[in-house]
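The values are calculated or read from the model by the stated rules, or taken from the named source; none is laboratory data. Everything numeric in this text was worked out from a predicted model, so none of it was measured. Quick reminder, even Gly has a Cβ in these numbers, built from the backbone with ideal geometry, and neighbours come from all protein chains shown. Only protein heavy atoms, including side chains, enter the accessible area calculation; ligands, DNA and RNA are left aside. Shrake-Rupley method; radii C 1.70, N 1.55, O 1.52, S 1.80 Å.
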Amino acid sequence: MELLRGAHLTKTFPEAGGEQIGIRDVSFTLQEGEMLGVVGESGSGKSTLLRVIAGLIRPQEGELFYQGKSYLGKRPQEIGRFLQMVFQDAQGSFDPRMIMRRSVTETVRGEVNGAELSELLERLRLSEKLLDKKPLELSGGECQRMSITRALLGGAQILLCDEITSALDVKTQQELVELLKEMRLAKKLSIIFVSHDLDLVEELCDRVLLLQDGKVQK
Amino acid sequence: MTRKRIWIAFALILVGVALCAGLIAPHDPYETNAALIRLAPCRAYPFGTDQLGRCVFSRVLYGARTTLSAAFFLIAISFVIGCMIGMLCGYFGGIADGILMRIANLFLALPQMVIAIVIAGILGGGLSGALIALGATMWVHFAYQARSHTYMIKQQAYITAARLSGKSSLYICLYHILPNLLLPLATNALTQIGSTIIAISGMSFLGIGVEVPKPEWGAMISEARAYLQLAPWCVLFPALAIILTVITFNELGDLLMEKEA
Ligand SMILES: Nc1ncnc2c1ncn2[C@@H]1O[C@H](COP(=O)(O)OP(=O)(O)O)[C@@H](O)[C@H]1O
Ligand SMILES: [Mg+2]
């Protein structure tokens, strides 16, 4: 079943000396349980695409559908119910002054389910003790796993991963990718996995979208 | 570490003196005594007496209260107003930001002394005119700083994460932006204490700050400067008080800045 669809999405940024292209006429679909890879050089529009999909910036043209219904123009606060992001900047994904317990449970609307939190932490090999620490006391890998915990705790079935391994060392990258694979199966997640590492994406993803200068390359 | 302790201790002593001036002062700071005019420092009058026979030591102690409380009050109000407006402008941007920042610019262009004189003319002088005049430009500096910090914080991934988590703008401002804003702004506020004390004393010296006979360091120097040669202690001690206080709070500001960096 088709979970997410974007059609002819275009977002350009006005800039001195002409327009800066974010993405132009980008279309994609994401099937339930699928992992879609998005590859492209730096500046090719990968992050812009994810931000458009998450409703953080509004495209000048195009349409967005979740389960067949348009959600273009909805606020990120609403979109976050079915879709969450994991960012490249692991530590920067958490408020430096907030303990992890509070940051990680922000996605929860209503009561926090302690059992669910424990289960997620266990699956992601995170100690509960880390919940009482602040992000700068955690490693980059731990922060990324916390980021996944936060994304899933709110019940989202779709993850948008924006170069989540780029800032990590090779060993930590592999661990994170393995965990993501496990989580995907265990939680039946659908994932858009953005990376500039074509080999990684081809190994990991069911389909690959190649971006160049904001456009999809066939 | 020791340097830090010394300045913190100094600041605490200054605040303590300001709060307990009434307990420490050996004499009533307003009490004149025709028999004891311009007495040099002695046991009963450690800083001597002025042209009306008032105890300079007691007046310097009470002056700490006048000057410090005025400076703290002014900075606190400017801080709160500037912080709120700057944060809202930085977070929401757009038209409101453009308008508010233009208004702020206007305030910045206002000549402090002229406003102080005008307000003194309308309200009949006193400290309030000086404080309003100084506050009119001070809040703008806090607003600019709050705005630029908010703008930087807003770009952080954790703000995006909070939005996707369903958190409202109010929640994000109160629980993510404000706490991350306070340390840099408080540092700035602390470094402002010194210059604010100079500004308040300066205005009082010019006669548009506190009114006589209220003890205030700048006003005391102003009153006593005519007979500087006859009774230099009347100028020396309030001047030392100003210098010491300004250095103390500047050092504290520097320490906080180092901690932040
Ligand atoms: N907020 C913005 N304002 C102006 N230009 C932007 C903005 N965001 C992205 N861009 C531009 O859009 C292009 C694509 O950026 P981005 O989506 O971040 O690329 P990627 O994530 O693939 O490295 C770049 O040329 C970038 O300069
Ligand atoms: Mg990017």
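Only one of the numbered conditions (1) farther than 27 Å from B:F249 by Cβ; (2) without any contact (Cβ under 8 Å) to a residue 60 or more places away in the chain is violated by B:C55, and that is (1). A Cβ distance below 7 Å, combined with a sequence gap of six or more or placement on separate chains, defines the contacts here; from segment B:195-220, residues that are farther than 10 Å from B:I242 by Cβ reach residues that are outside any helix (DSSP H, G or I) and modelled with pLDDT of 90 or more in the pairs B:S204/B:E216; B:G209/B:E216; B:V210/B:E216; B:P213/B:Y30; B:P215/B:P29.
Taking (1) at pLDDT below 95; (2) assigned to a helix (DSSP H, G or I); (3) touching a helix residue (DSSP H, G or I) at 6+ places or on another chain (Cβ under 7 Å) in turn, B:A161 satisfies each apart from (1).
When we screen A:S195, A:S103, A:S93 for residues that are open to solvent by less than 20 Å² (accessible area, probe 1.4 Å), within 11 Å of chain B (Cβ to nearest Cβ) and within 16 Å of ligand 2 (Cβ to nearest atom), the only hit is A:S93. Pick from segment A:42-59 the residues that are more than 10 Å from ligand 2 (Cβ to nearest atom) and open to solvent by 10 Å² or more (accessible area, probe 1.4 Å): which of them is farthest from the other protein chains (Cβ to nearest Cβ)? Filtering first and then ranking leaves A:P59.
Out of everything in segment A:198-218 that is open to solvent by 60 Å² or more (accessible area, probe 1.4 Å) and either within 24 Å of A:E61 (Cα to Cα) or within 14 Å of chain B (Cβ to nearest Cβ) (or both), what residue ends up being farthest from ligand 2 (Cβ to nearest atom)? Residue satisfying both the conditions and the ranking: A:K218.
In this structure, A:G73 does not satisfy being without any contact (Cβ under 8 Å) to a residue 40 or more places away in the chain, within 14 Å of chain B (Cβ to nearest Cβ), part of a loop (DSSP other than H, G, I, E, B) and away from ligand 2 (no atom under 16 Å from the Cβ).
Looking across segment A:10-27, the residues that are within 16 Å of ligand 2 (Cβ to nearest atom) and either buried (at least 16 other Cβ atoms within 10 Å of the Cβ) or within 14 Å of chain B (Cβ to nearest Cβ) (or both) come down to A:K11, A:I21, A:G22, A:I23, A:V26. If the condition is being more than 17 Å from B:W217 (Cβ to Cβ), part of a helix (DSSP H, G or I) and open to solvent by 50 Å² or more (accessible area, probe 1.4 Å), then segment B:21-55 contributes B:L23, B:A34, B:A35. Restricted to segment A:129-163, and to residues there that are under 19 Å from A:L3 (Cβ atoms) and within 16 Å of ligand 1 (Cβ to nearest atom), the residue that is most open to solvent (accessible area, probe 1.4 Å) is A:D162.
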